[in-house]
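Enquirer: Here it is: the structure, laid out below.
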Amino acid sequence: MSPRSPIGLMRRLFDFSQFRGRLLGALLFTGGLSVVGTVGFSLMPGYSLSDAFFMTVITVSAVGYGEIQTLTDGGRVFASFMIAGGIITLAVWFALITATLVEMDLAQAFKRRKTMKRIDSTRDHVILCGAGRTGLAALGRLVARGTPYVAVESNPAHAADARNVDPDALIIEGDATDDDALMAAGIDRARGLIAALSADTDNAFVCLAARELNPNLTIVGRARSEESVSKLRKAGADRVVTPNATGGIQMASLVLRPNVTLFVDTETSGDGMGLLLEQASVAETSEVAGLTLAEAQIPARTGLLVVAIQRGEGDRDGGDRFLYNPGPDERVRPGDLLVVLGPPPKFPELHRLLS
């Protein structure tokens with residue numbers, strides 16, 4: 001069955017497995033009472049099998065149309081017990097339906113509360129606004145890199161698709177253009193935001209709101225048209241990506257320098273040796289802060305090659321600058337940004353070393 005069918009959506013929204021035993025018990029009780037009533041009424045004078053079944057139905061359901069055929073004193077006693085059984089049956093079904101609705105509502109409430117508690121404890125994460133095709137691709141990369149993230153998506157179908165990619169996904173089902181949704185996603189604690197909504201105007205609004213809520217946030221926006229690029233930048237986006245342009249550049253790179261692209265730029269090609277470029281900031285409390293690259297032994301401890309250093313605010317020459325292919329005597333300073341090359345599984349060790 002298709003996951004987008006109505007029944008498929010219901011199965012994803014509600015889990016009926018915990019109510020299966022209760023439902024089976026109620027069905028067995030109702031079915032057993034119906035069989036007993038049909039057999040009992042059919043043994044009475046003047047009752048055919050169809051009359052007996054109809055009499056059972058109107059008795060158990062408490063409709064009470066009246067006797068189809070005149071009952072004997074024993075028949076009325078039997079009918080009285082059937083009425084009592086019908087009242088019990090109705091009560092069982094009412095209680096079952098009520099308990100099911102209440103428990104499902106509570107289960108969803110506890111699930112939302114658990115999700116919000118996890119989000120509240122998340123730090124230095126990326127907020128993904130929109131889980132459509134572009135958003136899902138970004139989500140897959142965040143998961144592959146082990147980067148903490150919180151997704152904001154208003155479409156339940158897209159949210160379900162995100163959970164198919166990552167069962168442990170932290171998702172706020174709300175409107176990303178709403179400041180409350182961004183605050184709930186922890187924008188004040190986030191390191192970056194990806195605006196991947198379907199409309200350029202919505203992405204511009206998200207960038208504008210995000211920049212106001214967190215001036216230090218790194219914001220990347222998606223633009224469908226080249227005309228929207230400047231608007232997103234004015235709205236606060238640090239980088240703007242147009243899927244057509246990005247795809248064209250990648251295709252040209254694969255033709256002009258295929259071996260280099262497959263060797264390094266595997267993040268977009270998904271092929272090759274699996275080496276990626278990563279950046280990591282050196283914290284003041286890092287054990288390598290103040291050491292030379294030879295003393296820090298980053299390649300030996302992490303398996304990653306330092307290809308460049310971007311000097312931070314502490315650069316005595318003033319301004320940020322890149323130092324390519326740094327030598328072993330180059331000193332690592334707090335606030336520096338190291339650019340390294342290596343396999344993605346090694347990146348968490350680098351972040352632990354520099355944090």
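The values are calculated or read from the model by the stated rules, or taken from the named source; none is laboratory data. Predicted model only: the values in this text are computed from it and were never measured. Neighbour counts are summed over all protein chains in view; Cβ atoms, including those assigned to glycine, are modelled from backbone coordinates with ideal geometry. We work out accessible area using only protein heavy atoms, side chains counted, and drop any ligands, DNA or RNA first. Shrake-Rupley method; radii C 1.70, N 1.55, O 1.52, S 1.80 Å.
Enquirer: Check whether at least one residue in region 59-72 is open to solvent by 40 Å² or more (accessible area, probe 1.4 Å) and at pLDDT 85 or above, and report yes or no.
Expert: For region 59-72, residues open to solvent by 40 Å² or more (accessible area, probe 1.4 Å) and at pLDDT 85 or above: absent.
Enquirer: Select from region 147-170 the residues that are part of a strand (DSSP E or B) and more than 15 Å from L197 (Cα to Cα) and list them in ascending order.
Expert: Across region 147-170, the qualifying residue is only Y149.
Enquirer: Looking at region 206-253 only, could you name the residues that are among the hydroxyl-bearing types (S, T, Y) and either open to solvent by 40 Å² or more (accessible area, probe 1.4 Å) or touching a Phe, Trp or Tyr at 6+ places or on another chain (Cβ under 8 Å) (or both)?
Expert: T218, S230, T246
Enquirer: Just checking, which of D124, D179 is open to solvent by 30 Å² or more (accessible area, probe 1.4 Å), among the charged types (D, E, K, R) and farther than 30 Å from L275 by Cβ?
Expert: D179
Enquirer: Something else now. Would you check if G186 is on the phi > 0 side of the Ramachandran plot, at pLDDT 90 or above and not β-branched (V, I, T)?
Expert: For G186, the condition - on the phi > 0 side of the Ramachandran plot, at pLDDT 90 or above and not β-branched (V, I, T) - is met.
Enquirer: Residues in region 285-314 that are within 35 Å of the chain's Cα centre (by Cα), over 12 Å from P334 (Cβ atoms) and in a loop (DSSP other than H, G, I, E, B): how many?
Expert: Residues in region 285-314 being within 35 Å of the chain's Cα centre (by Cα), over 12 Å from P334 (Cβ atoms) and in a loop (DSSP other than H, G, I, E, B): 2 in total.
Enquirer: Can you tell me how many residues within region 315-326 are farther than 18 Å from L275 by Cβ and either modelled with pLDDT of 85 or more or not in a loop (DSSP other than H, G, I, E, B) (or both)?
Expert: 3
Enquirer: Across region 113-142, what is the total count of residues that are among the aliphatic types (A, V, I, L, M), in a helix (DSSP H, G or I) and under 11 Å from the mean Cα position of the chain (by Cα)?
Expert: Within region 113-142, residues that are among the aliphatic types (A, V, I, L, M), in a helix (DSSP H, G or I) and under 11 Å from the mean Cα position of the chain (by Cα) number 2.
Enquirer: Being of a type in the set (A, V, I, L, M, F, W, C), without any contact (Cβ under 8 Å) to a residue 40 or more places away in the chain and either under 30 Å from S198 (Cα atoms) or crowded, with 16+ Cβ neighbours inside 10 Å (or both), is that true of even one residue in region 80-103?
Expert: The answer is no, given that none of the residues of region 80-103 is of a type in the set (A, V, I, L, M, F, W, C), without any contact (Cβ under 8 Å) to a residue 40 or more places away in the chain and either under 30 Å from S198 (Cα atoms) or crowded, with 16+ Cβ neighbours inside 10 Å (or both).
Enquirer: Also, I was wondering about something else. Conditions: (1) surrounded by 15 or more Cβ atoms within 10 Å (Cβ to Cβ); (2) at pLDDT 85 or above. P344 meets all but one. Number of the miss?
Expert: (2)
Enquirer: Please work out which residue is least open to solvent (accessible area, probe 1.4 Å), limiting yourself to region 19-43 and to residues that are assigned to a helix (DSSP H, G or I), farther than 21 Å from L96 by Cβ and not β-branched (V, I, T).
Expert: Across region 19-43, the extreme among qualifying residues is F41.
Enquirer: Follow-up question, since we're still on this one. Quick check on my filter: what residues within region 187-199 are outside any loop (DSSP other than H, G, I, E, B), open to solvent by 30 Å² or more (accessible area, probe 1.4 Å) and over 13 Å from D238 (Cβ atoms)?
Expert: Passing the criteria: D188, R189.
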